[in-house]
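See structure below.
Just so it is clear, none of the values below were taken in a lab; they were calculated from the coordinates. As the structure is a prediction and not an experimental result, all values here were calculated from the model. Virtual Cβ from ideal backbone geometry, glycine too; neighbours counted across all protein chains shown.
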Amino acid sequence: MRLDLHIHTTLGSACSSMSPDEMMKSALEADLDGVCITEHNRIWKPEQADGLSQKYGIAVFRGIEITTTGGDILVFGLDEEPQGMMTPHQLRQRVDEAQAVAIAAHPFRGFLLFGFGMLQMSVDDAKDNPTFSQVHGLEICNSKVTDEENEFARTVAEMMGLIKLGGSDAHDIDGVGSCVTVFDSVIRSDNDLARAILTGKFSLERCK
């Protein structure tokens with residue numbers, strides 16, 4: 001099942017230029033089986049996702065990208081939006097209570113603007129980021145960061161034994177389907193999605 005797990009629309013993210021209908025049309029053109037909407041600090045209502053899914057004939061799951069004191073964290077399987085700024089530790093407590101899954105989004109975005117050499121950052125330095133001890137995995141395929149930043153995230157995730165997830169981070173129609181997570185199983189609900197991510201039984205595709 002081919003899913004784009006990180007997408008923003010005008011319905012819940014002011015930074016997006018893509019309407020939900022435009023997103024779905026792009027998802028069909030990208031031959032996706034479904035999408036997961038991860039608005040900034042907002043979770044779609046079930047009826048919104050269900051209505052869009054029925055209209056276009058592919059799955060629509062509900063996630064959220066939460067701004068924490070330790071960076072942006074994607075959460076899958078959460079039903080209620082956290083209120084106020086949280087630490088990664090506070091968010092992890094909420095995630096565990098809900099049996100959800102937390103993934104650090106674009107964990108090294110912007111680092112290569114300065115260069116790892118100038119920052120003198122090694123993999124050992126990176127893995128000491130306290131946020132990484134509060135998530136299940138890292139996003140290692142994101143179309144809004146450089147290939148080098150994605151590869152560095154992969155290396156850190158592998159060293160730490162964390163889940164390696166992908167999603168386009170699309171804010172416009174051109175980005176949809178650029179980073180795809182391909183699951184071995186059929187996923188039917190938000191909770192199914194969280195469980196499938198935790199199994200690690202999927203592969204990643206960079207399509208654009």
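Results, tabulated for the structure shown:
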| quantity | calculated |
| --- | --- |
| Stretchable slack from residue 147 to residue 185, in nm (0.36 nm times residue separation minus alpha-carbon distance) | 10.9 nm |
| Unpaired by the 4.7 Å Cβ criterion, cysteines found in the chain | 15, 36, 207 |
| Tilt relative to the chain, helix 147-160 - C-alpha long axis, 0 to 90 degrees, to 10 | 70 |
| Proximal lysine pairs, the chain, alpha carbons under 19 Å, eight or more residues apart or interchain | 8 |
| Likely footprinting exposure, 65, 151, fewest C-beta neighbours within 10 Å first | 151, 65 |
| Positive dipole terminus of segment 1-122, leading residue within 93, 54, 107 (C-beta point charges) | 107 |
| Fully extended contour minus Cα-Cα distance, from residue 172 to residue 48, at 0.36 nm per residue | 42.7 nm |
| Among 173, 131, 24 the positive-end extreme of the charge dipole of the chain (Cβ point charges) | 131 |
| Candidates 49, 170, 104, ranked by Gaussian network fluctuation over the chain, Cα under 10 Å, top entry | 49 |
| Rough spin-label spacing in nm, given labels placed 7 Å along Cα→Cβ, for residue 96 and residue 160 | 1.6 |
| Whole-Hz couplings from phi, Karplus 6.51/-1.76/1.60, listed for segment 12-21; x for Gly and Pro | x, 10, 5, 7, 8, 10, 10, 6, x, 5 |
| 0 to 90° range, to nearest 10: angle between helix 88-97 axis and the chain longest Cα axis | 40 |
| Order of 143, 122 - criterion: other Cβ atoms within 10 Å of each residue's Cβ, fewest first | 122, 143 |
| Global size of segment 2-206 as Cα Rg and Dmax, reported in angstrom | 15.9, 50 |
| Using distinct alpha-carbon pairs, which all enter the 1/r mean, Kirkwood radius of segment 2-98 in Å | 13.8 |
| The chain: angle of helix 190-199 to the longest principal axis, Cα-based, in degrees nearest 10 | 40 |
| The chain: calculated mean residue ellipticity at 222 nm from DSSP helix runs of at least 4, using -39500 (n - 2.57) | -8500 deg cm²/dmol |
| The chain - charge dipole about Cα centre, Lys and Arg +1 at Cβ, Asp and Glu -1, debye rounded to 20 | 200 |
| Cut-off 12 Å between beta-carbons: net charge of the residues surrounding residue 30, Lys and Arg +1, Asp and Glu -1 | -3 |
